[in-house]
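Everything below concerns the one structure shown next.
The values are calculated or read from the model by the stated rules, or taken from the named source; none is laboratory data. Everything numeric here is computed off the predicted structure, so don't read it as measured data. Every residue, glycine among them, receives a Cβ derived from its backbone with ideal geometry; neighbour counts consider all protein chains shown.
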Amino acid sequence: MKRTVFTLGLFVLAAGSLLSVPAYADTITLTLTNPVQVGSGSLGSSLDFDATVSAPGKNSGDVFLNSDSFNVDAPLTLDDDGFFFGFPLSLSPGQSFTGLLFTVFLPTNTPNAIFNGSFSILGGADGSAANDLADVTFQVNTVPETTTILMLGTGLPGLVAMIRRKRGATS
């Protein structure tokens, strides 16, 4: 009798594990339209990063886009209002969306350099914000503002001419 109860208990346990609903790891893909951008470091500027987010058709249900996480090299700053106010709250299987994801600001007198950053969308199939759904990296290259180069380029010949005149006057 004990053996029958034990065998029946194992059978119920095994059947229960086979009949349980499998956990689906619903995913999204995130692609930046232009992950490397150039901005003016001398005058300051802002750069918009557009992205496409897609939910594969094999997903078992809607994927919720609840939050984000980001990192960008100082002194640049990132504004994620594009994600919060423009992106959908969820994506159904096979659905995609393209729009402004975030904006990076370069303050005035940002040194000419290469700055790196990353952006992640958090959420999941169950609506929790804890799952990291997709990550992208981006790069901002700062360059001198073109009018600064133009002023420097036209000022140097003027400086040379002024020095020659002074040398000619003193001779």
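Listed by position, the strands (runs of 3 or more DSSP E) inside segment 60-171 whose residues that are modelled with pLDDT under 95 number at least 1 are 63-72, 114-124, 131-143. Against the conditions (1) free of Cβ contacts under 8 Å to residues at least 40 places away in the same chain; (2) touching a Pro at 6+ places or on another chain (Cβ under 9 Å), residue 85 satisfies every one except (2). When segment 36-59 is limited to residues that are of a type in the set (Gly, Ala, Ser) and in a strand (DSSP E or B), the one that is surrounded by the most Cβ atoms within 10 Å (Cβ to Cβ) turns out to be 51.
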